[in-house]
1. For residues that are modelled with pLDDT under 90, of a type in the set (S, T, N, Q) and not in a helix (DSSP H, G or I), tally how many sit in the range 283-327.
2. Quick check: anything in the range 219-241 touching an Asp or Glu at 6+ places or on another chain (Cβ under 9 Å) and not in a helix (DSSP H, G or I)?
3. Identify, please: which residue in the range 286-299 is among the β-branched types (Val, Ile, Thr) and under 27 Å from the mean Cα position of the chain (by Cα) and is, among those, surrounded by the fewest Cβ atoms within 10 Å (Cβ to Cβ)?
4. List pairs: first in the range 183-204 and closer than 18 Å to residue 144 by Cβ, second part of a loop (DSSP other than H, G, I, E, B), Cβ under 8 Å, 6+ apart or cross-chain?
5. Does residue 145 satisfy the criteria of being assigned to a helix (DSSP H, G or I), buried (at least 22 other Cβ atoms within 10 Å of the Cβ) and at pLDDT 90 or above?
6. Can you pull out the residues in the range 276-310 that are touching a Lys or Arg at 6+ places or on another chain (Cβ under 6 Å) and touching a residue at least 40 places away in the same chain (Cβ under 8 Å)?
7. Please identify the pairs in which a residue from the range 112-139 that is under 16 Å from residue 82 (Cα atoms) has its Cβ atom under 7 Å from the Cβ atom of a residue that is polar (S, T, N, Q), counting only partners at least 6 apart or on another chain.
8. Scanning for something farther than 22 Å from residue 188 by Cβ, assigned to a helix (DSSP H, G or I) and at pLDDT 90 or above, does the range 96-107 turn up at least one residue?
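The values are calculated or read from the model by the stated rules, or taken from the named source; none is laboratory data. Remember, it's a predicted structure, so these values are computed and weren't measured experimentally. Counting neighbours? That spans all protein chains shown, and the Cβs are built from the backbone with ideal geometry, glycine included.
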Amino acid sequence: MIPAKTNDEQAATCQHKSLGRNDLSGRRKEPCSVHGRMFRVHHAVVCKVLEIFPLIEAARPRSKSGIQALCSLHFLRMAVHIGDEKAQEAGAMALFNLMVNSNRNKGLMIAAGLIPLLEQMFSNSDMYKCVVALYLSLSCLDEAKPLIGSCMAVPFLIQVLRDHNIERSSCNYDALYILYNLSTHPPNIPSLVSSDIINSLHPFFGFPSASEVVMLAEKALAILINLAASRAGRKEITSAPSIFRGLEGVLDFGESTEQEQAVSCLLILCSGDERCSQMVLQEGVIPSLVSISVNGTTKGKEKTEKLLKLFREQRQQEPSTLKQQPQQVEKNGGCEMIVEWKTLSSGGH
């Protein structure tokens, strides 16, 4: 008995049926009419074949629609070659549906050359949403992270972030999610940093507290935490003072979860780095931290207490290093040294 189609298979089949009936009929004339006619014939055949493959594979044990996925990829490649945007959109949707919850199909797509094909697609600005959707699905696979991180995908995703429009918040979130997935693979950090990701994340910290923008801020903060955990990331963050102003804004006005993330990031950055601590303290974060230590989430309170303790310990170490100098200065009059010491220590407030 042949099992019923899954939701993914039904969605993919509907996409191809719809494409066959409507999309190509209104398409503009192709520059090469011979290629255009050949593609339309191929398209009709592929649609028929794709309707049959789910039935064939459903009868095979442990089948995960691999044949259908490879056929859909071939269809997408033909659509990219011919320059048919509607067909590209339909092919991308079919592939996305076939890769949902199927690491096997994702692996097949990678082996069959999907990542280089996506690079060809995003050269067409109208296809960026389809490309982002496919990168999002692939980036969840560990073996795909180094491949995506080492190609032109990162600059493309950064550019998507810079086209910062609330109306495109869904696409921005997907791009952030991909970059977050890539940032969980440490060898990708240098590539992310060199693409100026730090300055691209900063604008997401300044939005008002609406549900969509809170999600964007949380994902941007999660990326920043992963970057802060690496030497290259820390160096880039500390060279961009505007990031500390953005984090201070989150501490002041962010949601509790965002505040917890901001404190986590600051704790990572300031541990063992007194210069970074001074940069943070200059933003006047102490009142906000005290408030979070009382009103924040459970984890937020714990991390805030650790951060405040770190600041106290670092300040206590400052006078001990300065006390070694007064004896040399006292011979010429100790008042000048006392004034200097007070000035330095007050800078830690």
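1. Of the residues in the range 283-327, 2 are modelled with pLDDT under 90, of a type in the set (S, T, N, Q) and not in a helix (DSSP H, G or I).
2. No, the range 219-241 contains no residue that is touching an Asp or Glu at 6+ places or on another chain (Cβ under 9 Å) and not in a helix (DSSP H, G or I).
3. 298
4. 186/230; 188/150; 189/230; 191/150
5. Working: assigned to a helix (DSSP H, G or I): yes; buried (at least 22 other Cβ atoms within 10 Å of the Cβ): no; at pLDDT 90 or above: yes.
It is false that residue 145 is assigned to a helix (DSSP H, G or I), buried (at least 22 other Cβ atoms within 10 Å of the Cβ) and at pLDDT 90 or above.
6. Result: no residue meets the conditions.
7. The qualifying pairs are 121/88; 127/88.
8. Yes - at least one qualifying residue is present in the range 96-107.
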